[in-house]
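The values are calculated or read from the model by the stated rules, or taken from the named source; none is laboratory data. All values derive from a computational prediction rather than experimental measurement. Cβ coordinates were reconstructed from backbone atoms using ideal geometry, including for glycine residues, and neighbour counts include every protein chain displayed. Surface accessibility is based on the protein's heavy atoms, side chains included, excluding ligands, DNA and RNA. Shrake-Rupley method; radii C 1.70, N 1.55, O 1.52, S 1.80 Å.
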Amino acid sequence: VQLVESGGGLVQPGGSLRLSCAASGSIFNAMGWYRQSLGKQRELVASISSSGTTNYAGSVKGRFTISRDNAKNTVYLQMNTLKPQDTAVYYCNAVVPGISYDFWGPGTQVTVPS
């Protein structure tokens with residue numbers, strides 16, 4: 001199983017970015033995005049089930065949108081109205097049926113300067 005994120009970068013406050021995560025090597029149940037900023041624990045940003053049910057952290061609800069293309073095994077995170085507190089390394093996460101542990105991508109940096 002391999003997860004490869006793309007789309008991170010530097011964006012000014014109020015701007016937008018779209019993260020992509022291409023997954024390969026299996027079929028996937030839930031997929032999602034987590035983030036970890038300096039000195040903090042990794043936290044869930046958003047997740048989406050194989051049927052499209054979504055879940056968001058309160059801090060991003062209304063600003064971020066998660067979606068997936070099952071045919072391409074790709075999950076996206078559209079991030080709008082970005083704030084400095086969104087600065088973090090964003091990690092793609094995937095759950096494989098019958099496997100007790102999650103899979104993670106290497107992460108992509110998102111920086112929103114204050």
Qualifying positions in region 80-111 - surrounded by fewer than 17 Cβ atoms within 10 Å (Cβ to Cβ), of a type outside the set (S, T, N, Q), part of a loop (DSSP other than H, G, I, E, B) and at pLDDT 95 or above: 83, 106
Which of the residues belonging to region 1-23 are open to solvent by less than 50 Å² (accessible area, probe 1.4 Å) and polar (S, T, N, Q)? 20
Can you tell me which residue within region 30-66, out of those that are open to solvent by less than 20 Å² (accessible area, probe 1.4 Å) and aliphatic (A, V, I, L, M), is nearest to residue 100 (Cα to Cα)? 31
Residue satisfying all of: in region 61-79; assigned to a strand (DSSP E or B) and not hydrophobic (A, V, I, L, M, F, W, C); nearest to the chain's Cα centre (by Cα) among these: 76
Does at least one position in region 67-77 carry a residue that is open to solvent by 80 Å² or more (accessible area, probe 1.4 Å) and of a type outside the set (A, V, I, L, M)? yes
Being under 19 Å from residue 4 (Cα atoms) and either more than 14 Å from the chain's Cα centre (by Cα) or small (Gly, Ala, Ser) (or both) narrows it down to one residue among 23, 57; which is it? 23
Give region 6-27 a look and list any residue that's part of a loop (DSSP other than H, G, I, E, B) and out of contact with any helix residue (DSSP H, G or I) (no Cβ under 7 Å at 6 or more places or on another chain), or say none. 7, 8, 11, 12, 14, 15, 16, 25, 26, 27
Is it true that residue 114 is without any contact (Cβ under 8 Å) to a residue 24 or more places away in the chain and either open to solvent by 40 Å² or more (accessible area, probe 1.4 Å) or in a loop (DSSP other than H, G, I, E, B) (or both)? no
Name the residues in region 28-60 that are part of a loop (DSSP other than H, G, I, E, B), hydroxyl-bearing (Ser, Thr, Tyr) and under 15 Å from residue 109 (Cα atoms), would you? 37
